[in-house]
Amino acid sequence: MTKSQVLDRYFLEHRAKLIDLAAFLDRVDRAPGGDNFHDPRLPALREALALLHDGQPDRARRVLERFSDPTEAPLDTAPPAPVLGVPHHPPPAAGP
Amino acid sequence: MPYIDPHIHMVSRTTDDYAAMAAAGCVAVTEPAFWAGFDRSSPEGFRDYFRQLTQVEPRRAAPFGIDHYCWLCVNPKEAEDPAFAREVIQLIPEFLDAPNVLGIGEIGLNRNTRNELQILEEQIAFAAEHDQLILVHTPHLEDKRKGTTLILDALRRNGNISTDRVLIDHVEEHTIRMVLDEGYWAGMTLYPDTKCTPQRAADLIECYGSERLWVNSAGDWGHSDPLAVPKFQQEFRARGHAADAVDRVTLDNPRAFLSQCERFSAG
Ligand SMILES: [Zn+2]
């Protein structure tokens with residue numbers, strides 16, 4: 001498929017998904033929950049969104065990696081919390 | 001178009017689903033042993049489950065012209081208690097000679113714990129000892145990347161496993177390369193909320209080629225689609241790929257991998 005064909009086939013679907021995402025973020029903002037609300041899902045989502053327009057390829061892979069547990073060792077016991085879709089603790093900031 | 005769904009949990013699906021799948025071209029399914037949505041209260045619960053997989057489902061599929069095959073194991077979600085899991089593993093030899101059993105699966109990891117890893121290694125050893133094909137479940141969401149790495153390490157540590165006799169399932173954009181690079185087969189699961197869509201699976205084939213790759217629905221008791229494979233076929237065709245390129249992924253590749261077990265003769 002040419003670029004135009006890809007856009008013709010998928011643009012409206014993904015335009016709608018972007019508006020869904022915008023409405024979801026508005027919904028989170030509107031919901032009560034306190035000023036000190038911290039949840040690893042929102043910062044992970046914001047960081048992943050930045051990957052979409054950094055001009056680099058392999059966005060899907062890089063978004064999935066941002067949403068992945070960065071640790072390597074098996075856990076001693078299963079975590080009490082269910083899977084969130086993002087790491088419970090953010091990955092360490094990249095070095096200089 | 002004819003197709004094989006090589007990973008679907010028909011025990012959780014209706015007879016109407018068999019009918020719809022047959023109408024859409026399904027000629028065979030393979031059903032890995034998995035978590036039922038709740039933990040079984042005793043290892044004996046698995047004896048009944050294995051009877052269902054080896055006796056009941058093939059009979060239910062047959063009137064629709066669908067060949068039903070299965071895989072046996074204790075799934076990773078119920079492997080956190082090693083004593084329990086070992087009792088289940090001891091039941092497997094009793095069913096291993098059933099005519100529709102293709103191998104050991106879906107073994108793997110769930111939350112990437114030491115106990116799950118221990119039972120995974122024991123089941124890899126069991127498969128090697130009994131010369132069985134292996135179907136591997138990789139964890140969901142944030143646990144997938146790490147779990148896939150741990151699973152590949154465990155397979156390598158065993159040393160008696162031929163990579164072309166193992167399929168690593170539920171790969172996504174961040175795990176497909178490590179699986180294919182090590183010589184394993186890879187499965188892409190078309191599942192609505194976690195895993196791949198038909199569009200992304202088509203993207204991955206356009207990027208990585210179709211060698212050692214298949215697609216499946218992993219249809220089960222959750223939000224899932226037993227017609228996901230024919231929807232992938234439509235997507236791939238609509239992008240202008242030839243019919244034989246579609247067949248390669250949805251028919252020829254599953255047949256090539258599964259035919260390594262001489263019991264498999266479908267499609
Ligand atoms: Zn499954």
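Report, by residue number, each residue of the stretch B:189-200 that is among the polar types (S, T, N, Q), within 16 Å of the ligand (Cβ to nearest atom) and open to solvent by 20 Å² or more (accessible area, probe 1.4 Å).
Quick first cut of the stretch B:189-200, residues among the polar types (S, T, N, Q) only: B:189, B:194, B:197, B:199.
Subsequent filtering for residues that are within 16 Å of the ligand (Cβ to nearest atom) retains B:189, B:194.
Listed by number, the list holds a single entry, B:194.
From A:16, A:50, A:81, A:23, which residue is hydrophobic (A, V, I, L, M, F, W, C), within 11 Å of another protein chain (Cβ to nearest Cβ) and loosely packed, with under 14 Cβ neighbours inside 10 Å?
Within the list A:16, A:50, A:81, A:23, the selection yields A:81.
Checking the structure you have, find out if any residue of the stretch B:76-83 is within 15 Å of residue B:7 (Cα to Cα), away from the ligand (no atom under 16 Å from the Cβ), assigned to a helix (DSSP H, G or I) and more than 14 Å from every other protein chain (Cβ to nearest Cβ).
The initial filter retains those residues of the stretch B:76-83 that are within 15 Å of residue B:7 (Cα to Cα), namely none.
Looking through the stretch B:76-83, none of the residues is within 15 Å of residue B:7 (Cα to Cα), away from the ligand (no atom under 16 Å from the Cβ), assigned to a helix (DSSP H, G or I) and more than 14 Å from every other protein chain (Cβ to nearest Cβ).
Please specify each residue of the stretch A:1-13 satisfying the condition of being modelled with pLDDT of 95 or more and open to solvent by 80 Å² or more (accessible area, probe 1.4 Å).
Hits for the stretch A:1-13 are A:3, A:5, A:7, A:8, A:9, A:11, A:12.
Checking residue B:23 against (1) closer than 17 Å to residue B:217 by Cβ; (2) free of Cβ contacts under 8 Å to residues at least 40 places away in the same chain; (3) outside any helix (DSSP H, G or I), which single condition isn't satisfied?
(3)
Identify all residues within the stretch B:210-254 that are part of a loop (DSSP other than H, G, I, E, B) and either touching a residue at least 60 places away in the same chain (Cβ under 8 Å) or within 16 Å of the ligand (Cβ to nearest atom) (or both); write none if there are none.
Scanning the stretch B:210-254 gives B:217, B:218, B:219, B:220, B:221, B:222, B:223, B:224, B:225, B:226, B:227.
In a loop (DSSP other than H, G, I, E, B) and of a type in the set (Val, Ile, Thr): which single residue out of A:28, A:6, A:63, A:86 fits that description?
A:86
In the stretch B:159-188, how many are outside any loop (DSSP other than H, G, I, E, B), within 14 Å of chain A (Cβ to nearest Cβ) and open to solvent by less than 10 Å² (accessible area, probe 1.4 Å)?
3
The values are calculated or read from the model by the stated rules, or taken from the named source; none is laboratory data. Note that the structure is predicted; figures quoted are calculated from it, not measured. All Cβ positions, even for glycine, are placed from backbone atoms using ideal geometry, and neighbour counts span all protein chains on display. These accessible areas exclude ligands, DNA and RNA; they are computed on the full protein's heavy atoms, side chains included. Shrake-Rupley method; radii C 1.70, N 1.55, O 1.52, S 1.80 Å.
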